[in-house]
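What follows is a short report on a single structure.
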Amino acid sequence: MLTNEQRNEQLARLTKEAELGGGQERINKQHEQGKYTARERINKLLDPESFVEFDKFVTHKCNAFGMDKTKYLGDGVTTGIGKINGQQVAIFSQDFTCWGGALGASHAKKICKVMDFALNNRIPIIGLNDSGGARIQEGVDALAGYAEIFYRNVQASGVIPQISLIMGPCAGGAVYSPAMTDFIFMVDKTSYMFVTGPEVIKTVTHEEVTKDALGGAHTHNEKSGVAHFRTEDEDDCFERVRELFAFIPSCNMIKHATRLTTDSPIRANNKLKTFIPDNSRKPYDMKELVMEVVDDQHFMEVQPDFAKNIITGFASIGGIKVGIVANQPAFLAGCLDIDSAVKAARFVRFCDAFNIPIITLVDVPGFLPGTVQEYGGIIRHGAKLLYAYSEATVPLITLITRKAYGGAYDVMASKHIRADINLAYPTAEIAVMGADGAVNIIYRNDMANKAKHVDYYENEFANPYRAAELGYIDEIIQPEQTRQRLYQYLKALENKKVKTPERKHGNIPL
Ligand code: HXC
């Protein structure tokens, strides 16, 4: 029979053993690769001393392939709760030092338990993924474990924010849990995601590709759009996650989220007085406009490296947290294409699910023409953005800075799809198409006088006054009033309530 002191010592010894994971040698190997261990990551990401661990002594129940001889306390994943910037979060972190972080039944159960905790208590869940995937020795039990996690990702979607950090390999079906979360962070050079690895690809398609080129941070941030943030190293990654938490709420029940700022909401945007170029074919950087308008020049851009013709991200105005969607005339003239439509649609849906008002800045010449876009399904993908805006019930404020042409005018949070407030600069051009294209069609038999017709069309349509006459634009504002007006309207829309028809769910074009 142990004395109480011996019992306390036993707990201390087991705790130490659990915290050593797969052992010092494997910890050293992890460090040599520029990676922290599962627990080090948690401690660096969360507020100091805030982490409380669940299920430290869980082990697997597998006897196949000699597994009964290797058990690690905690079964290769550390789970629990803690805080970020004082905000409660739930977290799991896979431990690569135990079977390469591979997921077995007990490991999965621990993740499911902390996910259930997060959902039941309406706090965000953060997953740190560093794993060789399904634990081969546990067979279908490992696959079942993954599926239980996938199911929970879907139940939690739109209720609590779900954040994935890819800190090492993430292969096979294992990529689908992160894919169903709201934001994916990847670390340059040490993290990668793919459904099938380079070896399988070589056998099946004879393509030769490295892990990094196939599924590294740059690939998923620039090419595929799977990831949302590319970070330099793990420390940078934790810093960026903490920054994101300054803008997102704990759950979908939070309304009117604010931040502290000393930036005056009525600060005049003098820089914007002459910001839009006189020549409407000349590009400008919409990000500069965003930075000028938001609090403290703090804009957290989401997917900055993907579909650069549209900008998405978080900021606050007069302390009110907002999501910003903006066409970027400095890239592809700001037109809408497949990637930009999907990028913005997903962002709009996140904001709508979590009660974050959306500010839309419009300078769009239309949809990108061409067979690549048509064959790729621009109709279906463009419809996603139209759908996302139309179903959104959060406050929607739209500002047309310059071009708003054709279908893209309708899509970019126009009055007609129920934006609350539609503003325009005097430089706005709201029409079915640009002057050149329009004249080529309606005056095709009088091309000799083309210049005269273009001039007439521009005077008639390349302005915001037609739309204002019809009440489609609520107010034409001077550019220096931008911040003040956005703030005034955000305040006025704080108690917005919309009744939507009863239904099981809509059918967004996928
Ligand atoms: C069991 C695994 C494992 C796995 C790695 N290990 N993956 N154990 N099941 N899936 C073990 C290794 O045996 C090794 O054990 C330790 O983890 C570290 O692995 P290394 O290979 O030494 O590390 P490294 O060279 O860094 O390579 C990491 C790796 C590689 C790229 C992840 O291990 C690998 O390719 N593993 C297999 C990946 C895979 O095919 N997984 C199944 C995908 S299918 P020791 O004892 O030597 O330290 C899948 C289905 C999901 O996941 C289904 C969801 C629907």
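Condition check ((1) under 21 Å from residue 318 (Cα atoms); (2) in contact (Cβ under 8 Å) with a residue 60 or more places away in the chain; (3) of a type in the set (Val, Ile, Thr)) across all residues:
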position: 199; (1), (2), (3): no, no, no
position: 205; (1), (2), (3): no, no, yes
position: 245; (1), (2), (3): yes, yes, no
position: 249; (1), (2), (3): yes, yes, no
position: 264; (1), (2), (3): yes, no, no
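Can you tell which of 159, 154, 200 is surrounded by fewer than 16 Cβ atoms within 10 Å (Cβ to Cβ), modelled with pLDDT under 95 and among the aliphatic types (A, V, I, L, M)?
It is 200.
Residues checked against (1) modelled with pLDDT of 95 or more; (2) within 13 Å of the ligand (Cβ to nearest atom):
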site: 36; (1), (2): yes, no
site: 57; (1), (2): yes, no
site: 63; (1), (2): no, no
site: 69; (1), (2): no, yes
site: 73; (1), (2): yes, no
site: 81; (1), (2): yes, no
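Restricting to the stretch 354-363, give me the number of residues that are farther than 27 Å from residue 277 by Cβ and open to solvent by less than 30 Å² (accessible area, probe 1.4 Å).
3
If a residue must be in a helix (DSSP H, G or I), out of contact with any Leu (no Cβ under 8 Å at 6 or more places or on another chain) and within 14 Å of the ligand (Cβ to nearest atom), how many such residues does the stretch 113-153 contain?
Qualifying residue count for the region: 13.
Of the conditions (1) open to solvent by less than 60 Å² (accessible area, probe 1.4 Å); (2) farther than 22 Å from residue 337 by Cα; (3) modelled with pLDDT under 95; (4) not aromatic (Phe, Trp, Tyr), residue 434 fails just one. Which one is it?
(2)
Which of (1) within 12 Å of residue 310 (Cβ to Cβ); (2) assigned to a helix (DSSP H, G or I) does residue 361 not meet, given it meets every other one?
(2)
Within the set of pairs 6 or more residues apart or between chains, which connect a residue that is within 19 Å of residue 79 (Cα to Cα) inside the stretch 19-45 to a residue that is more than 12 Å from the ligand (Cβ to nearest atom) and hydroxyl-bearing (Ser, Thr, Tyr) with Cβ atoms less than 6 Å apart?
Correct list of pairs: 27/37; 38/78; 38/93; 39/78; 41/93; 42/93.
Among the listed residues 64, 142, identify the single one that is among the aliphatic types (A, V, I, L, M) and closer than 26 Å to residue 227 by Cβ.
None of the others qualify; the one that does is 142.
Please go through the stretch 11-57 and give me each residue that is farther than 13 Å from residue 167 by Cα, polar (S, T, N, Q) and surrounded by fewer than 15 Cβ atoms within 10 Å (Cβ to Cβ), ordered by number.
Answer for the stretch 11-57, where residues must be farther than 13 Å from residue 167 by Cα, polar (S, T, N, Q) and surrounded by fewer than 15 Cβ atoms within 10 Å (Cβ to Cβ): 15, 24, 28.
Is it the case that the stretch 248-270 has a residue that's within 16 Å of residue 184 (Cβ to Cβ) and not basic (Lys, Arg)?
Scanning the stretch 248-270, I find at least one residue that is within 16 Å of residue 184 (Cβ to Cβ) and not basic (Lys, Arg), so the answer is yes.
Out of the stretch 21-34, which residues are more than 12 Å from the ligand (Cβ to nearest atom), modelled with pLDDT of 95 or more and not polar (S, T, N, Q)?
31 - this is the single residue of the stretch 21-34 that is more than 12 Å from the ligand (Cβ to nearest atom), modelled with pLDDT of 95 or more and not polar (S, T, N, Q).
Can you find a residue in the stretch 175-195 that is open to solvent by 30 Å² or more (accessible area, probe 1.4 Å), part of a helix (DSSP H, G or I) and closer than 24 Å to residue 220 by Cβ?
The answer is yes, given that some residue of the stretch 175-195 is open to solvent by 30 Å² or more (accessible area, probe 1.4 Å), part of a helix (DSSP H, G or I) and closer than 24 Å to residue 220 by Cβ.
Can you work out which of the residues in the stretch 161-189 that are in contact (Cβ under 8 Å) with a residue 60 or more places away in the chain and more than 10 Å from the ligand (Cβ to nearest atom) is farthest from residue 33 (Cα to Cα)?
Only one residue fits best here, namely 161.
Just to be sure I understand, how many residues within the stretch 58-99 are open to solvent by 10 Å² or more (accessible area, probe 1.4 Å), over 25 Å from the mean Cα position of the chain (by Cα) and either under 19 Å from residue 160 (Cβ atoms) or among the acidic types (Asp, Glu) (or both)?
Residues that pass the stated criteria total 2.
Of the residues in the stretch 196-217, how many are part of a loop (DSSP other than H, G, I, E, B) and within 16 Å of the ligand (Cβ to nearest atom)?
4
Restricting attention to helices (runs of 4 or more DSSP H) lying wholly within the stretch 440-510, give those where 3 or more residues are more than 30 Å from residue 345 (Cβ to Cβ).
Passing ranges, in order: 450-461.
Going through the stretch 427-480 one residue at a time, which ones are more than 21 Å from residue 278 (Cβ to Cβ) and among the aromatic types (Phe, Trp, Tyr)?
443, 472
The values are calculated or read from the model by the stated rules, or taken from the named source; none is laboratory data. All of these numbers come straight from a predicted model, not from anything done at the bench. Every residue, glycine as well, gets a Cβ built from its backbone with ideal geometry; the counts of neighbours run over all protein chains shown. Protein only, heavy atoms only, side chains kept; ligands, DNA and RNA dropped before computing areas. Shrake-Rupley method; radii C 1.70, N 1.55, O 1.52, S 1.80 Å.
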